[in-house]
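S.K.: Next up is a structure, given as structure tokens.
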Amino acid sequence: MEPYLRKALRLFDNLVPKRRQDSPYPHVEPKYGATQQFAEYDTSPAVGKEGQTYIQKVNGKFLWYARGVDPTALVPLSALASQQSKPTQNTMDKSQHFLDYMATQEPAVLTYQKSDMILAVHSDAGYLNEENARSRAGGHHFLSEDVPLPPKNGAIHNIAEIIKGVMSSASEAETGGLYINACKAVEERNILEEMGHKQPPTPIQTDNSTAEGIVNNRVQPKRTKAMDMRFHWLRDRANQKQFRFYWRPGTTNRGDYFTKHHPASHHRNMREEFLTPYKVLMDLRKRQGMSGGCATSATARVC
């Protein structure tokens, strides 16, 4: 994937910036202790058709790379895609910010540990953290073992999606995130079953105790019809033994990374949670006498 990244950056004439860029999207520092949090609006001038086409090309070129090997690029690309129909100078600046990040970081390397091919999911949501009062769903889908707390592995799919409707509470956003992740997990379960890997109830982890209580039928909240449909669908699938919903603290939930625009320090700390340092792949290739492609050890496959 390194040649693809180099060609993509050359296409946009993007050089390595003089100042290292470790966040793929501008981070807005929360105002802790403030009695009110005010929404921010983009008042910068609109860019023309040429600027709009440029932003769309950036999204199209890097989305394949992000879905394939670099999940750290999914959240910024999702945000840029939501703004590309009416882009402004601020949107253009964010696109350049993203390109600087891609030029700064080393090529992405995904590592898959040997497993029993049992699907597991981490689900999370960020409440009212996108434009127009929208919330964001995040998910980390991976293959693991049939145990109560599945050990981590490289992602087979990541979700970084802006929820279309306006959520009325954090628990509604979390329930919406569970619904989005579970819908994708149904498809993945079917694929694994067709491949001959029998699936137990898929464990889906959430860090919101209210959402977990709702889907496990311990909480009866007031809700809109849209929310009513979502959690009845989740309850129904749980009753069919397709899913097992459980709670764990947010620090253990990998889906959290895909729910908001984090500061650069968080991206630096979390990058090795999702990606393997490029030097590890180069050292493995040297030991195996390889010049490219995937390297395989006794316990892992690195691409």
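The values are calculated or read from the model by the stated rules, or taken from the named source; none is laboratory data. Everything numeric here is computed off the predicted structure, so don't read it as measured data. Methodologically, a virtual Cβ is constructed for each residue, glycine included, from the backbone with ideal geometry; neighbour enumeration extends over all protein chains shown. Accessible surface is based on the protein model in full, side chains and every heavy atom, while ligands, DNA and RNA are left aside. Shrake-Rupley method; radii C 1.70, N 1.55, O 1.52, S 1.80 Å.
S.K.: Using protein chains only and a probe of 1.4 angstrom, how many square angstrom of Val28 are accessible, to the nearest 10?
M.R.: Probe radius 1.4 Å; accessible area of Val28 about 90 Å².
S.K.: Under the definition of Cα pairs under 8 Å and six or more residues apart, what whole-number percent is the relative contact order of the chain?
M.R.: It rounds to 22 percent for the chain.
S.K.: Taking all protein chains together and a probe of 1.4 Å, list Tyr32, Tyr179 from the most accessible to the least accessible. Write down the numbers at each step before the final one.
M.R.: Numbers: Tyr32 185, Tyr179 55 Å².
Output order, biggest surface exposure first: Tyr32, Tyr179.
S.K.: Working from the pairwise distances between different alpha carbons, so that the mean of 1/r is found and then inverted, what is segment 129-221's Kirkwood radius in Å?
M.R.: 14.6
S.K.: Let me ask you something else. Apply the membrane-span-like helix rule to the chain: whole DSSP H runs, Cα extent along the own long axis of at least 30 Å, mean Kyte-Doolittle hydropathy at least -0.5. List the helices found. Display every interim value, and only then the final one.
M.R.: On the way: long enough: 170-194 (36 Å, -0.38).
Helices meeting the criterion: 170-194.
S.K.: OK, next. Okay, helix-only estimate at 222 nm for the chain: each DSSP H run of n ≥ 4 adds -39500 (n - 2.57), divide by all residues, round to 500 deg cm²/dmol; what do you get?
M.R.: Calculated mean residue ellipticity at 222 nm is -13500 deg cm²/dmol.
S.K.: Go through Gln113, Gly165, Tyr257 and say which Cα lies farthest out towards the positive end of the charge dipole of the chain; charges sit on Cβ, +1 for Lys and Arg, -1 for Asp and Glu.
M.R.: Of the options given, the answer is Gln113.
S.K.: Would you mind giving the average projected area, over all directions, of the Cα convex hull of the chain in nm² with one decimal? Working shown, then result.
M.R.: Values: hull surface 71.8 nm².
Quarter of the Cα hull surface area: 17.9 nm².
S.K.: Sticking with this structure for a sec: Can you give me the solvent accessible area of Met102 with a 1.4 Å probe, rounded to the nearest 10 Å²?
M.R.: The accessible area comes out at roughly 10 Å².
S.K.: Write down the accessible area per residue of segment 1-59 in Å², having rolled a 1.4 Å probe over the full set of protein chains.
M.R.: With all protein chains present, segment 1-59 gives 81 Å² per residue.
S.K.: Under a plain spin-label model, where a point goes 7 Å from the Cα along Cα-to-Cβ, how far apart in nm are Tyr41 and Cys183?
M.R.: 3.1
S.K.: Next question, about the same structure. Got a number for carbon plus sulfur as a percent of the chain's accessible area, 1.4 Å probe?
M.R.: Numbers: 8450 of 15990 Å².
Whole-percent figure for carbon plus sulfur exposure: 53.
S.K.: For the chain, with only Lys/Arg (+1) and Asp/Glu (-1) charged at the beta-carbon, what is the dipole magnitude about the Cα centre, in debye rounded to 20?
M.R.: Dipole about the Cα centre, nearest 20: 340 debye.
S.K.: Between Leu15 and Glu50, what is the FRET efficiency for a Förster distance of 22 Å, r being their Cβ-Cβ separation, to the nearest 0.05? Mind showing how you got there, number by number?
M.R.: Values: r = 21 Å, r/R0 = 0.96.
Approximately 0.55, to the nearest 0.05.
S.K.: With Cβ to Cβ distances under 14 Å as the rule, what net charge do the other residues near Ile180 carry (K, R +1; D, E -1)?
M.R.: Values: positive: Arg134, Arg136, Lys164, Lys184, Arg230, Arg237; negative: Asp124, Glu161, Glu172, Glu174, Glu187, Glu188.
That works out to 0.
S.K.: Turning to a different aspect of this structure: If r is the Cβ-Cβ distance from Asn132 to Lys279 and R0 is 35 Å, what FRET efficiency results, to the nearest 0.05?
M.R.: Plugging the Cβ-Cβ distance into 1/(1 + (r/R0)^6) gives 0.25.
S.K.: With a 1.4 Å probe and all protein chains kept in place, how do Trp233, Trp247 rank by accessible area, largest first?
M.R.: Greatest to least solvent exposure: Trp247, Trp233.
S.K.: While we're here: May I ask you to give the solvent-accessible area per residue for segment 61-147, in square angstrom, as obtained with a 1.4 angstrom probe?
M.R.: Spelled out: the 1.4 Å probe surface of segment 61-147, per residue, equals 35 Å².
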